[in-house]
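Here the structure comes first, spelled out in C-alpha cells, and everything after it is commentary.
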Amino acid sequence: MLWDVTVIGGGIAGLCAAIAARRGGAAVRLLEAAPRPLRGGNARHGRNFRLTHETPLDYVPDTYTAAELRAELRCTTGDTDRALTELLIERADSIAGWLIDHGVHLQPPGTGVMPYSRRTAFPLGGGKAMINALYATANRMGVAISYDSEARSLQRAKDEGWTINVRSAGADAAIRTRSVVVCAGGPGADPAWLREKFGSAAEGWMVRGTPYSDGRLLDLLIAAGGCAIGDPTTCHVVPVDARGPQFDGGIVTRITSIPLGLVVDRSGARIDVAGAGSQPTHYAKWGPRIATCPGQLAYLILDTDGLARAAPSALAPITAPGLSDLAAMLAIDPAALLQNIDHFNATPANAARTITEPPFAAYPMRPGLTFVHYGIKVDPTMRVVQADGSRHDDLFAAGMIMAANVLRRGYLAGLGITLSAVFGQIAGEEAARHVRG
Amino acid sequence: MSAADPMLEAERVLRICSACMYCDGLCPVFPAIDGKHGFDLSDVSYLSNLCHNCQGCWHDCQYAPPHPFAVNLPATFAELRQRSYADHLWPPILGRAFRASSLAVPATVALALLISFALVLGTGSPEALRATHAGEGAFYRVLPWPAMAGLAAATFGWAVIAVTLATLRYWRTIAPKTTISEIVRALPVALSDIITLRHLGGGGPGCHDHDERTSQRRRILHHLTAGGFVLSGLSTIVASAYHHLLGVMAPYPVASLPVMLGLGGGVTMTIGAVGLLGLEAWADPAPSDRGETRLNVAFLILLALVGASGLAVLGFRSTPAMGLLLTTHLGLVFGLFAALPFSKALHAPFRAAALLRAAIDSQRRASARAPDAASDSP
Ligand SMILES: Cc1cc2nc3c(=O)[nH]c(=O)nc-3n(C[C@H](O)[C@H](O)[C@H](O)COP(=O)(O)OP(=O)(O)OC[C@H]3O[C@@H](n4cnc5c(N)ncnc54)[C@H](O)[C@@H]3O)c2cc1C
Ligand code: HEM
Ligand code: SF4
Ligand code: SF4
C-alpha cells in the first residue's frame with residue numbers, strides 16, 4: 001500500500017497533522033513509537049495552552065490579543081523566524097476552536113481549582129484527556145494508527161515519495177508513502193544524546209517527559225542534509241525530586257517550594273541563585289544551577305513552617321526531628337549543614353524566613369529536562385529546509401522538533417502545546433495539498 | 001510503587017493527585033483535596049463515597065500504569081468505599097455479612113423465598129398455588145393479608161432502621177462540625193447533585209463505560225433503575241392507601257394509580273437494571289474493583305428479578321400461574337428489603353451524605369474567598 005501521508009510521532013503535533021491531512025482527503029498512516037497506554041508524547045503532561053482572543057469565551061476569561069502575544073514572544077525568545085512567528089500568532093486565535101471541533105473538551109473558568117488565566121485554556125481532565133480525544137477523532141476519521149511502531153530510517157524512494165523503515169514488536173517492515181510529516185518531538189530523552197551534548201554532568205539528569213521522544217529522527221534529518229536550528233546546549237531544566245522516575249515524572253515531581261527554605265549541595269554548602277525570586281520562573285533558574293552541583297544533586301531543607309506553606313508534593317519529604325538526624329539521613333556532613341543553616345538564619349534569603357522549627361524536612365533534587373532549544377529548520381509550509389537552502393516538496397516537520405524556529409531561548413507558559421498543535425495542523429494541510437493537489 | 005494496604009495506597013495516590021490536580025474539573029473529589037498534605041481515615045471515607053466512579057480520572061491520568069506511579073484512583077476508591085460500608089453498618093456485626101455480600105444477599109433472598117412459599121403452603125393448600133383466583137382480594141387467597149402485611153412491615157422496617165442508623169454512623173465519621181443553618185443552606189445544591197447525579201457527568205461529557213470514550217449511558221440507566229425503584233415504592237404506598245383508606249382490595253384494575261405506577265416503575269427498573277448489568281459485563285476491569293463489581297451485580301440481578309416478577313404477576317394475574325408468580329415476587333421483595341442494609345443499596349445514602357458535605361465545604365470555600373464585608377465597617 002502506498003500511503004498519501006505518513007505522520008511519524010503521535011504526540012499533539014502528529015495528531016493535529018494526521019487529522020488535518022485526513023480532512024484534506026489524504027490516506028493517512030500515523031506511527032507512534034510508544035505503546036498505546038503511553039501514547040501522546042509530552043502533551044500528556046501539559047496542563048494548559050496559550051491562545052489569543054478578543055473577547056471572553058466559554059473557556060477563557062477576559063481578552064488576550066495577538067499584539068500582546070507578539071510582544072511577549074519578542075521579549076522572551078529573541079531572534080526568531082518572523083514568518084513562522086506570525087503564522088503561530090495568527091493560528092493561536094483559532095486553535096482552541098479547532099481542538100474543540102475535534103473532540104477536545106475545555107474547562108470553563110471558575111470550575112475546579114485551576115488558577116485564573118486569560119492567556120491559556122485548560123483541557124478538561126488535563127493533557128492526556130485531550131490526547132485521548134484526538135486519538136478517538138483520528139480513529140473515527142479513518143487515520144490508520146499503529147502503536148509500538150518506531151520509524152528507524154527514512155529513504156527517498158526511486159519513483160515517488162519515501163520508504164520508512166518501521167520497527168514494530170521487534171520486527172522491521174517498510175512503509176511506502178507519498179509524503180512524510182515528522183512530528184517525533186524535540187531531542188533530549190536519549191541519555192546518550194544528552195551525554196554527547198552536555199558531557200558527563202548529564203548523567204545525573206532526569207527527563208520530565210516521554211522516553212520515546214529521543215531525537216533520533218532529528219539526527220536522521222540532519223544527517224541527510226537538513227539544516228539544524230538553535231543550540232543543543234540551551235534547554236529548559238527545573239529542579240525535580242531525585243526520587244522520582246527517570247522519565248515521565250511530568251509535573252508532580254517538580255520541586256516548587258525552594259523559596260520557602262535553603263538549598264545545599266551534598267557537602268552541605270549553601271547554594272543560591274541570584275535573583276531567582278519566587279515567581280514561577282524561578283524553577284527554570286534553579287534547574288541549571290543544580291546541574292552544576294557535584295553529582296547533579298542538591299537538597300532543599302525546610303522547617304515545619306516552611307513545609308506547611310509548601311504546595312503538596314507527589315513524594316513525601318524526608319523528615320527528621322533534628323537537623324543532625326536529617327543530615328545523617330541525607331548523608332551530608334552534619335557540622336557543615338548546621339553551620340550553613342545558622343548562617344542562613346542570620347541572613348535569610350527572604351527576610352522573614354528562618355529554619356528553626358522542628359521537625360525538619362528535605363527534598364533531594366536533580367535537574368529535570370523539559371526540552372532543548374534545538375531542532376530542524378522549516379519554511380512556512382513546514383517543509384524541512386536543507387543546509388543548502390533547498391527542500392523536498394514532500395518532507396515536512398512540525399511540533400517540538402522545529403520549535404527552535406520560533407523559540408530560540410526561554411519559554412512562555414502554554415506555548416509548547418499551542419505551537420505543536422498549530423504547526424502540526426499546517427503541516428497536515430500542506431502534505432494533503434501536496435498529494436491531493 | 002503501589003502499596004498493599006488500601007489506606008496507605010490511598011494516601012500515596014492522593015498525594016500524587018494533590019500535587020497534580022489535572023483532573024480538577026472532572027468531579028468534586030479534586031477540589032476537596034486541593035492543597036492537602038495528608039489524608040486520614042475520615043478524609044478517605046468521605047472522598048471514596050464522593051467519587052461517583054465515572055472513571056474519568058483513570059483514562060485521563062498521566063500516571064496510570066504502566067507509569068511507575070501506577071495511579072488508579074477509581075479502583076483505590078472502590079476498595080475503600082466497600083470498607084467504609086463495612087465499617088459503618090448497623091448493627092456493626094453485619095460487617096461480616098457485608099464482607100461476603102455476594103453470598104449473603106442471595107442467601108437472604110433464598111431464605112425469604114423459602115419463608116414465603118412455606119407460608120403460602122402452610123396457610124392455604126397447595127391448590128392455592130395452582131388455582132385461578134379472580135376478583136377483589138384474589139392475592140390474599142394465595143397469601144393471607146396479615147402474613148403479607150406482616151412480612152412486608154417487618155422487612156421494610158428493618159431496612160429503614162438499619163440503613164438510617166448506618167448512614168448516621170457514616171455521617172458522624174465524615175461530617176465536619178456543622179450548624180443546622182449551614183446544612184439547610186447547602187441542601188439545595190446537594191439535592192440537585194443527588195437527583196441529577198451530576199458527577200456521573202465527568203465535568204460535562206459523561207462517564208466512561210468501557211474505554212476513553214464518554215457517554216451519558218450509565219447515568220441514564222441509573223436514573224431508570226433508581227426512578228423505577230422509587231415509582232414501585234410509590235405504587236405500594238398508594239396501594240396500601242387504597243386498601244386502608246378507601247377499603248378497596250387488590251388486584252386493582254390496570255387503569256388504576258397503583259397499577260400504573262407499578263407498571264411504569266417495574267418496566268423502567270427492569271430495563272435500567274438489565275442495561276447496567278450489560279455495562280458491567282462490558283466494563284474495563286482495570287479501573288474497577290472485583291468486590292464492588294460483585295456487589296453491583298448481586299444488587300442489579302435482585303432489582304431486575306423484583307421488577308420482572310412484578311410485571312409477570314401483572315401480566316398473568318388472571319391465569320393459574322398467578323399464585324406461583326405472586327409468591328415468588330413477594331419472596332423477592334421481602335428478600336430485597338431484608339438484604340438492603342448490607343447490599344449495594346448503602347451507596348445511595350452514603351453518597352448523598354458525601355455530597356451534602358461537599359456542598360457544605362464548597363459553600364465555606366466560597367465564603368472564605370468572598371471579601372469580608374464586616375471588616376470594612378468601622
Ligand atoms: C513535564 C512537561 C510539562 C509540560 N507542560 C506543558 C504545558 O502545560 N503547556 C504547554 O503548552 N506545553 C507543555 N509542555 C510542552 C509540550 O508538552 C510539548 O511542547 C508538546 O507536547 C510537544 O508535542 P510534539 O507532538 O511536538 O512532541 P512530543 O510530545 O515529544 O511527541 C512526539 C511523539 O513522537 C513519538 N516518536 C518519537 N520518535 C519516534 C519515532 N522514531 N517513530 C515513531 N514515533 C516517534 C513519540 O512517542 C511521541 O509520542 C510540557 C512538557 C513537559 C515535558
Ligand atoms: C441518593 C441517591 C443515589 C445516588 C447519589 C446514587 C449514585 C450512584 C452512583 C454514582 C453509582 C455509580 C458508581 C457505583 O457503581 O457505585 C451508582 C450505582 C448504582 N446505583 Fe445508585 N445512587 C442513588 C440511588 C440509587 C437507587 C435508589 C437505586 C436503586 C435501587 C440505585 C441503584 C444503583 C445500582 C444498582 C448501581 C450499580 C450500577 C453499576 O453496576 O454500575 N441507586 N449509584
Ligand atoms: S488522577 Fe492522575 S492526572 Fe488526575 S489528578 Fe490524579 S495524578 Fe493527576
Ligand atoms: S472516578 Fe470520576 S468521580 Fe471518581 S475520583 Fe475519578 S473523576 Fe472523580
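I need the full set of residues from the range A:54-92 which are hydroxyl-bearing (Ser, Thr, Tyr) and not in a loop (DSSP other than H, G, I, E, B), in order please.
A:TYR64, A:THR76, A:THR77, A:THR85
Being among the small types (Gly, Ala, Ser), in contact with a strand residue (DSSP E or B) (Cβ under 7 Å, 6 or more places away or on another chain) and within 13 Å of A:GLY215 (Cα to Cα) is the filter here, so list the residues in the range A:144-200 that pass it.
A:ALA151, A:SER153, A:ALA184, A:GLY186, A:GLY188, A:ALA189
Kindly evaluate B:GLY315 against the criterion of being among the small types (Gly, Ala, Ser) and buried (at least 22 other Cβ atoms within 10 Å of the Cβ).
No; evaluated as a whole, the condition is false for this residue.
Assess whether B:THR225 counts as being under 23 Å from B:ALA352 (Cβ atoms), without any contact (Cβ under 8 Å) to a residue 60 or more places away in the chain, of a type in the set (Ser, Thr, Tyr) and away from ligand 4 (no atom under 16 Å from the Cβ).
So B:THR225 does not fit the description; no.
Checking A:ARG208 against (1) touching a helix residue (DSSP H, G or I) at 6+ places or on another chain (Cβ under 6 Å); (2) basic (Lys, Arg); (3) within 16 Å of ligand 3 (Cβ to nearest atom), which test does it fail?
(1)
Picking from B:SER192, B:SER288, B:SER232, B:SER256, which residue would you name as being in the same structural domain as B:LEU311 (by TED's automatic domain parsing), within 16 Å of ligand 4 (Cβ to nearest atom) and hydroxyl-bearing (Ser, Thr, Tyr)?
B:SER288
Looking at the range A:291-309, is at least one residue of a type in the set (Val, Ile, Thr) and under 25 Å from the mean Cα position of the chain (by Cα)?
Yes, the range A:291-309 contains a residue that is of a type in the set (Val, Ile, Thr) and under 25 Å from the mean Cα position of the chain (by Cα).
Of everything in the range A:117-147 that's within 12 Å of chain B (Cβ to nearest Cβ) and open to solvent by 50 Å² or more (accessible area, probe 1.4 Å), which residue is farthest from the chain's Cα centre (by Cα)?
If we take residues in the range A:117-147 being within 12 Å of chain B (Cβ to nearest Cβ) and open to solvent by 50 Å² or more (accessible area, probe 1.4 Å), then A:ARG140 is farthest from the chain's Cα centre (by Cα).
Check B:VAL333 against each of (1) open to solvent by 20 Å² or more (accessible area, probe 1.4 Å); (2) of a type outside the set (Ser, Thr, Tyr); (3) within 14 Å of B:THR225 (Cβ to Cβ) and name the one condition it does not meet.
Going through the list (1) open to solvent by 20 Å² or more (accessible area, probe 1.4 Å); (2) of a type outside the set (Ser, Thr, Tyr); (3) within 14 Å of B:THR225 (Cβ to Cβ), B:VAL333 breaks only (3).
Looking at this structure, is A:ILE229 in a helix (DSSP H, G or I) and touching a strand residue (DSSP E or B) at 6+ places or on another chain (Cβ under 7 Å)?
When the stated conditions are applied, A:ILE229 does not pass them.
Of all the residues that make up the range B:200-214, how many are more than 10 Å from chain A (Cβ to nearest Cβ) and surrounded by fewer than 16 Cβ atoms within 10 Å (Cβ to Cβ)?
1
Condition check ((1) within 19 Å of B:ALA286 (Cα to Cα); (2) basic (Lys, Arg); (3) more than 16 Å from ligand 1 (Cβ to nearest atom); (4) not assigned by TED's automatic domain parsing to the domain that holds B:GLY201) across all residues:
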residue	(1), (2), (3), (4)
B:ALA10	yes, no, yes, yes
B:MET21	no, no, no, yes
B:HIS37	no, no, yes, yes
B:GLN55	yes, no, yes, yes
B:ASN72	yes, no, yes, yes
B:ARG81	yes, yes, yes, yes
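Of everything in the range A:17-36 that's of a type outside the set (Asp, Glu) and within 8 Å of ligand 1 (Cβ to nearest atom), which residue is surrounded by the most Cβ atoms within 10 Å (Cβ to Cβ)?
The residue in question is A:ALA33.
Somewhere in the range A:410-420, is a residue closer than 30 Å to A:PRO211 by Cα, assigned by TED's automatic domain parsing to the domain that holds A:VAL273 and outside any strand (DSSP E or B)?
No, the conditions are met nowhere in the range A:410-420.
Would you mind stating whether B:ASP34 is free of Cβ contacts under 8 Å to residues at least 12 places away in the same chain and more than 16 Å from ligand 2 (Cβ to nearest atom)?
So B:ASP34 does not fit the description; no.
Output the residues belonging to the range B:265-310 that are in contact (Cβ under 8 Å) with a residue 24 or more places away in the chain, assigned to a helix (DSSP H, G or I) and farther than 23 Å from B:THR108 by Cβ.
B:VAL267, B:THR268, B:ILE271, B:GLY275, B:LEU279, B:TRP282
Condition first: more than 28 Å from the chain's Cα centre (by Cα) and either more than 9 Å from chain A (Cβ to nearest Cβ) or open to solvent by 20 Å² or more (accessible area, probe 1.4 Å) (or both). Now tell me which residues in the range B:5-20 satisfy that.
Across the range B:5-20, the qualifying residues are B:ARG12, B:ARG15, B:ALA19, B:CYS20.
Every residue in the range B:84-93 that is open to solvent by less than 20 Å² (accessible area, probe 1.4 Å) and either among the aliphatic types (A, V, I, L, M) or modelled with pLDDT under 85 (or both), please.
If the condition is that a residue be open to solvent by less than 20 Å² (accessible area, probe 1.4 Å) and either among the aliphatic types (A, V, I, L, M) or modelled with pLDDT under 85 (or both), then B:ALA86, B:LEU89 are the ones that fit.
Test A:ILE89 against the stated conditions and say whether it is at pLDDT 95 or above, out of contact with any strand residue (DSSP E or B) (no Cβ under 6 Å at 6 or more places or on another chain) and more than 14 Å from chain B (Cβ to nearest Cβ).
Answer is yes for this residue.
Being in contact with a helix residue (DSSP H, G or I) (Cβ under 8 Å, 6 or more places away or on another chain), more than 14 Å from chain A (Cβ to nearest Cβ) and more than 16 Å from ligand 2 (Cβ to nearest atom) is true for just one of B:PRO106, B:PRO91. Which residue is that?
B:PRO91 is the lone residue from the list that is in contact with a helix residue (DSSP H, G or I) (Cβ under 8 Å, 6 or more places away or on another chain), more than 14 Å from chain A (Cβ to nearest Cβ) and more than 16 Å from ligand 2 (Cβ to nearest atom).
Please enumerate the residues belonging to the range A:394-413 that are open to solvent by 10 Å² or more (accessible area, probe 1.4 Å) and at pLDDT 95 or above.
A:MET400
Determine which single condition A:LEU38 fails, assuming it passes every other condition in (1) without any contact (Cβ under 8 Å) to a residue 40 or more places away in the chain; (2) within 14 Å of chain B (Cβ to nearest Cβ).
(1)
Looking at (1) in contact with a strand residue (DSSP E or B) (Cβ under 8 Å, 6 or more places away or on another chain); (2) at the interface with chain B (Cβ under 10 Å from one of its Cβ atoms); (3) open to solvent by 40 Å² or more (accessible area, probe 1.4 Å), find the lone condition where A:ALA314 falls short.
Among (1) in contact with a strand residue (DSSP E or B) (Cβ under 8 Å, 6 or more places away or on another chain); (2) at the interface with chain B (Cβ under 10 Å from one of its Cβ atoms); (3) open to solvent by 40 Å² or more (accessible area, probe 1.4 Å), A:ALA314 violates only (3).
In the range B:2-17, how many residues are within 16 Å of ligand 3 (Cβ to nearest atom) and either touching a Ser or Thr at 6+ places or on another chain (Cβ under 6 Å) or in a helix (DSSP H, G or I) (or both)?
9
Considering only residues that are of a type in the set (Val, Ile, Thr) and within 12 Å of another protein chain (Cβ to nearest Cβ), which ones fall in the range A:94-116?
Passing the criteria: A:ILE100, A:VAL104, A:THR111, A:VAL113.
Kindly provide the set of residues from the range B:89-129 that are among the polar types (S, T, N, Q) and closer than 15 Å to B:ALA339 by Cα, ordered by number.
Answer for the range B:89-129, where residues must be among the polar types (S, T, N, Q) and closer than 15 Å to B:ALA339 by Cα: B:SER101, B:SER102, B:THR108.
Search the range B:22-50 for residues being open to solvent by less than 20 Å² (accessible area, probe 1.4 Å) and within 11 Å of ligand 3 (Cβ to nearest atom), and hand back the single one that is farthest from B:PHE350 (Cα to Cα).
B:TYR22
The values are calculated or read from the model by the stated rules, or taken from the named source; none is laboratory data. A quick note: this is a predicted structure, and the numbers were derived from the prediction, not measured. Heads up, the Cβs are rebuilt from the backbone with ideal geometry, glycines too, and the neighbour counts pull from every protein chain shown. Side chains included, ligands, DNA and RNA excluded: accessible areas come from the protein's heavy atoms. Shrake-Rupley method; radii C 1.70, N 1.55, O 1.52, S 1.80 Å.
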